1. Using the Karplus curve 6.51 cos²θ - 1.76 cosθ + 1.60 with θ = phi - 60°, work out ³J(HN,Hα) for each residue of the stretch 53-66 in order, rounded to whole Hz, and write x for Gly and Pro.
2. In whole Å, what three semi-axes, largest first, describe the equivalent ellipsoid of the stretch 102-155 built from its Cα gyration tensor (square root of 5 times each eigenvalue)?
3. Counting only DSSP beta bridges with both residues in the stretch 109-181, what percent are antiparallel, rounded to the nearest 5?
4. Amide H neighbours of VAL17 under 5 Å, counting only residues 5+ apart in sequence or on other chains, H built in-plane at 1.01 Å?
5. Alpha carbons only, please: Rg and Dmax for the stretch 147-234, in angstrom.
6. Between SER217 and LEU128, what length comes free when the chain is fully extended (0.36 nm per residue of separation minus the Cα-Cα distance, one decimal in nm)?
7. How many percent of the alpha carbon pairs in the stretch 135-184 exceed a separation of 12 Å?
8. Which whole-angstrom value gives the distance between the alpha carbon centres of the stretch 102-132 and the stretch 153-214?
Amino acid sequence: KTKPSPAKKPSGESTVVVCWADIQTGKVDHLGGLKELLERLEEKRIALQAYLKRSKFDHIVIADAGDIIEGFENFDAQTRTNSLSLMDQIDVAATEFWKTIRLCAKHAPVDVLSIPSNHCRWSKGKSLMGKVTDDWGLHISKRLERHNEEAGLPVTFHRAEEWQETLQFPIRDTRLGLAHGHQSNNPQGIPAWWAKMSHSGVLDCDVLVTGHFHFASLRPSGRCARTNRARGHIQCPTLDNGSSWVRNKYGE
């Protein structure tokens, strides 16, 4: 378990944050879409590579906002909502994640942040079978960290502490917070939940990144009591192909 402890850097240097959320193949029609998902991931990496070459960042943060695979036992109707077995999902997710990490590491030192999420957790129905950090996404992070020890890339891995669902990471003078988003029943409830976490000091951050809700948004969310600066909430999209689940659930 690696705790965030980035070295101080001189001003004038720049950091890019790459958000990595919900790459799993669930929520697609007819249990399909894997081929198209992999094509979209490759398109994103090509665009990311061009952006990193053009902008010349000295530091890269990859924020894994969870649901990197789709568990089958969160509730009865989810017995099989994916075209891949659990083992194959883990293999595909780890392979694709490593491609993105390796790409970023060619351009600058990388910090990879990972947190637990509801579809990755070890559970039976709504009941946890272990700790909240007994999570397939965190398992993939640990395996990639060991793989990186052999590869020797300039990559540092950070995960939520035991029993914790969130993570904070300092970037220059800004605190980045990471939470999956399943703590709220709807995206409109995230600001109220975040306010409670800020009050207790758990997520006293300037920018909060969440996944879970499948569509993108960027909105202000009050002010940070610690710095008195405006705070922002970034809701990450999935690479969902526009399935009926998303249209029926959110109309998007």
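1. Working through the residues one at a time gives 5, 6, 9, 6, 7, 9, 8, 10, 10, 9, 9, 8, 8, x Hz.
2. Sorted largest first and rounded, they come to 29, 11, 7 Å.
3. Here the share of antiparallel DSSP bridges comes out near 60 percent.
4. Residues meeting the criterion, in which the H sits 1.01 Å from N, are VAL61.
5. 14.4, 44
6. Stretched out fully, the SER217 to LEU128 stretch lengthens by 29.0 nm.
7. Distances greater than 12 Å cover 72 percent of the Cα pairs.
8. The stretch 102-132 and the stretch 153-214 have Cα centres separated by 13 Å.
Every read-out reported here was derived from the displayed coordinates using simple, explicitly stated rules and does not represent laboratory data. Here the structure is a predicted model, which is why all the values come from computation and not from measurement. Here Cβ is always computed from backbone atoms with ideal geometry, including for glycine, and neighbour counts include all displayed protein chains.
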